[in-house]
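Asker: The structure's right below; bear with me while I get my questions together.
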Amino acid sequence: MTAAKRRAGSSTSSSSSGSNEQQPLQQQQQLQQQQHYQNADQQSSQAHEYQHLLQHPHHHLNHYSSSSNNDHPQQYHQRHQQQQQHHQQHQATLRDCSVKLPLDILWLPKSAMRPVGPDTSHTDCILVVGVSRPKLAVVFLTVMLISLFLTFHVLYDSAVYNIQAAQAVHERHRLSLAASASALASPASSSTGLSSNHLPVFVKPVTSSNQLSHPMVFPSSRVHFPKTSRRLPQALIIGVRKCGTRALLEMLYLHPRIQKAGGEVHFFDRDENYLKGLEWYRKKMPHSFRGQITIEKSPSYFVSPEVPERVRAMNASIKLLLIVREPVTRAISDYTQLRSHAATAILPLAESSGGGGGGGASAAGAAAAAAQKMPSQSLLYAKLQAAHGYDNTLGGSGAGAKETKMISNTRRVAPMMMTTTTTTPTPNAAQLAAKSFEELAIFPNGTVNEAYRPLSISMYHVHLHRWLEVFPREQLLVVNGDRLIEDPVSQLKRIEAFLGIEHRVRSEHFYFNETKGFYCLRYDNGDRCLRETKGRKHPHVDPIVVSRLRKFFAEYNQRFYELVGEDLGWPEE
Ligand SMILES: Nc1ncnc2c1ncn2[C@@H]1O[C@H](COP(=O)(O)OS(=O)(=O)O)[C@@H](OP(=O)(O)O)[C@H]1O
């Protein structure tokens, strides 16, 4: 810049000295005047030029070097004006170089920087990136705070995780000890498909060494993650007892979107549980991720009159699964279980042992005394039975107030004790175990004992009617229990669609166990069948009695088909 300026200055002075020698005085004066104006002009634009040259050295160098020292002053003046125009244009360009960007990113003229080596590029601007100290400090602090937050979050999560895992291991250990103790004390208590500690049938006891080596494994054998919580069920298997409720729940549990309550909670059908409130119920539920569906099954819900309203009070949009089986087969299955209990002379906690109640000691006139020992569910039944007076023989009546009213107003027999907490063998138990299904289901005069509980539970339409008074039909899915035994996948596909979850449970999850005569489940870590309490061998029942009962049920079945809008094709004789 200085050199160029000097060059421009010297060219001007040399041209003026030439004129002094050759031209007259007047012309010299004119020229001096012009020079004076020119110099004034030059001085006024000197600051701009300096700025300009700082930012565009190449341009200025070319510009000045291309100027002829011998130009006429007028021409020079014109050129100077052009230079000024040029200069203004370049000022506009310069604005690009002085754009201020956030975080100290600047475009600067290259001339402002001291080049390290020879400058070969043809650009005028240079990008300078820098961060001021306060900004650097803010960024640093922010990064520090975020990493601190993340560290604490991870530490907190893993602490909660470990505490819960440790609790679960402790609980599981306690339960398995209780299970082995009760198994020793009462082999019959496992006949319902659940151990007395309410562990699900499929969950095999884990040895304490296993528990210690897998502290993150919960009783349900699924890993519990900190981001899970216990949620109230979004779906219920409401019954029917002995129709495959346990098999259905375990099969559904193969689906990754399903979580299940381990045992039968009996929240809605037992007053003593219901009075504990929803929070108590929620705590009985397993941990689940958001998006998973928690399912609980208590088959006695179906036949308990107060349950539909209570369920609706909890969740009016809950999904209900009702599994049914051919009614006479179901009744025989019920009888088989009740007889099994009676034969061991241990009267079962009927409602907790697979739902539905049932199991009975004949104790005519003993209802009041027994009621004192009974859970409230049994108490309700005892009241009903006392009011209506039904047969109290093995697995007697008591499916519900409306049902009993409708079905049997004819018989007035001493009320029966539906359930009892006693484990003392009664003399009647053995006698009851000796009674045949035929004797219990058909009176000597050939009429059907409608009040016999295994039969009254099979009158599905009576119970379903109550549910459909409270819930819309679309909220209830009827599962065919007979088909579930033969072809589980087809039924599960329907249920997956009903629950709004993708089809995931497939045939490779099952294998047919010839010895058992049922499908068993195939898990990643092994195969599992339901306990021997499921799929018991049924006693032989006189075909005439079976036919008689099928005819009897034909009408009820038709009513049931009408209610559900589907013909299940059960035999009518
Ligand atoms: N895969 C598989 N394995 C074993 N058992 C199966 C299976 N699928 C359905 N079932 C039928 O389930 C019947 C027992 O029904 P529940 O589980 O509802 O009984 S309970 O009410 O919970 O006691 C049980 O009835 P019974 O055969 O009379 O014992 C079985 O027939």
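Asker: Considering only residues that are among the hydrophobic types (A, V, I, L, M, F, W, C), surrounded by fewer than 24 Cβ atoms within 10 Å (Cβ to Cβ) and modelled with pLDDT of 95 or more, which ones fall in region 329-369?
Answerer: Residue satisfying the conditions is ILE332 alone.
Asker: Scan region 454-486 for residues that are touching a helix residue (DSSP H, G or I) at 6+ places or on another chain (Cβ under 9 Å), within 11 Å of the ligand (Cβ to nearest atom) and of a type in the set (D, E, K, R) and report the count.
Answerer: 2
Asker: Which is within 16 Å of the ligand (Cβ to nearest atom), in a strand (DSSP E or B) and of a type in the set (D, E, K, R), of GLU250, GLU264, GLU296?
Answerer: Testing whether each residue is within 16 Å of the ligand (Cβ to nearest atom), in a strand (DSSP E or B) and of a type in the set (D, E, K, R) leaves just GLU296.
Asker: With the structure loaded, tell me whether TYR460 is open to solvent by less than 30 Å² (accessible area, probe 1.4 Å) and closer than 25 Å to ALA331 by Cα or whether it fails that test.
Answerer: Spelling it out, TYR460 is indeed open to solvent by less than 30 Å² (accessible area, probe 1.4 Å) and closer than 25 Å to ALA331 by Cα.
Asker: Go through region 559-573 and report how many residues are open to solvent by less than 60 Å² (accessible area, probe 1.4 Å) and touching a helix residue (DSSP H, G or I) at 6+ places or on another chain (Cβ under 8 Å).
Answerer: The qualifying residues number 6.
Asker: Of everything in region 500-518, what is touching a Leu at 6+ places or on another chain (Cβ under 8 Å) and either open to solvent by less than 30 Å² (accessible area, probe 1.4 Å) or more than 16 Å from the ligand (Cβ to nearest atom) (or both)? Give them in sequence order.
Answerer: ARG504, VAL505, PHE510
Asker: Of the numbered conditions (1) at pLDDT below 95; (2) under 27 Å from ARG257 (Cα atoms); (3) buried (at least 16 other Cβ atoms within 10 Å of the Cβ), GLY535 fails exactly one; give the number of that condition.
Answerer: Every condition holds for GLY535 apart from (2).
Asker: Follow-up. Looking at region 267-292 only, could you name the residues that are within 20 Å of the chain's Cα centre (by Cα) and assigned to a loop (DSSP other than H, G, I, E, B)?
Answerer: Listed by number, the residues that qualify are LYS284, MET285, PRO286, PHE289, ARG290, GLY291, GLN292.
Asker: Restricting to region 538-558, count the residues that are loosely packed, with under 15 Cβ neighbours inside 10 Å and of a type outside the set (A, V, I, L, M).
Answerer: Adding up the residues that qualify gives 9.
Asker: Now, a different point. Take the conditions away from the ligand (no atom under 16 Å from the Cβ) and either buried (at least 19 other Cβ atoms within 10 Å of the Cβ) or at pLDDT below 95 (or both) and apply them to ASN525. Does it pass?
Answerer: Considered against the rule, which asks whether it is away from the ligand (no atom under 16 Å from the Cβ) and either buried (at least 19 other Cβ atoms within 10 Å of the Cβ) or at pLDDT below 95 (or both), ASN525 comes out as yes.
Asker: Looking only at region 313-322, decide whether some residue is in contact with a Leu (Cβ under 7 Å, 6 or more places away or on another chain), within 13 Å of the ligand (Cβ to nearest atom), under 27 Å from ASP567 (Cβ atoms) and open to solvent by less than 10 Å² (accessible area, probe 1.4 Å).
Answerer: For region 313-322, residues in contact with a Leu (Cβ under 7 Å, 6 or more places away or on another chain), within 13 Å of the ligand (Cβ to nearest atom), under 27 Å from ASP567 (Cβ atoms) and open to solvent by less than 10 Å² (accessible area, probe 1.4 Å): present.
The values are calculated or read from the model by the stated rules, or taken from the named source; none is laboratory data. Computed from a prediction, not measured in an experiment: that's the story for all the values here. Heads up, the Cβs are rebuilt from the backbone with ideal geometry, glycines too, and the neighbour counts pull from every protein chain shown. The accessibility values were calculated without ligands, DNA or RNA, using every heavy atom of the protein model including side chains. Shrake-Rupley method; radii C 1.70, N 1.55, O 1.52, S 1.80 Å.
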